[in-house]
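First up is the structure itself, then whatever we jot down about it.
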Amino acid sequence: MGYNGRGVAMAVRLGAVAAGCLARPGQALAFPISPSPAIPGHCARQPVPHAAMLDHRVMDAPGAEPGHDCPPC
């Protein structure tokens with residue numbers, strides 16, 4: 001469960017609610033259950049940093065800068 005910084009209070013409260021639900025089956029849950037919304041840009045969480053690292057790796061390569069006198073490794 002992701003409590004986003006409010007873990008202790010929310011976990012204690014949800015634990016009490018869950019225990020109540022287990023003790024009395026059929027009772028409605030006091031917390032609303034809803035689907036998680038999609039996170040915008042989540043699909044770019046891996047390709048963007050990888051592309052940036054590759055770009056910096058190319059920029060840091062010997063001979064990548066104009067006037068660089070070192071031979072490539």
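Here, each number is a calculation from the coordinates, and none is a lab measurement. Everything numeric here is computed off the predicted structure, so don't read it as measured data. Cβ: placed from backbone, ideal geometry, glycine included. Neighbour counts: every protein chain shown.
What's the local net charge at Pro49, with K and R +1, D and E -1, over the other residues with C-beta under 13 Å away? Display every interim value, and only then the final one.
Values: positive: Arg45, Arg57; negative: Asp55.
Around Pro49, the charge tally is +1.
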State, to one decimal in nm, how far the label point of Asp55 lies from the label point of Ala38, with both points 7 Å from Cα in the Cβ direction.
-> 2.5 nm
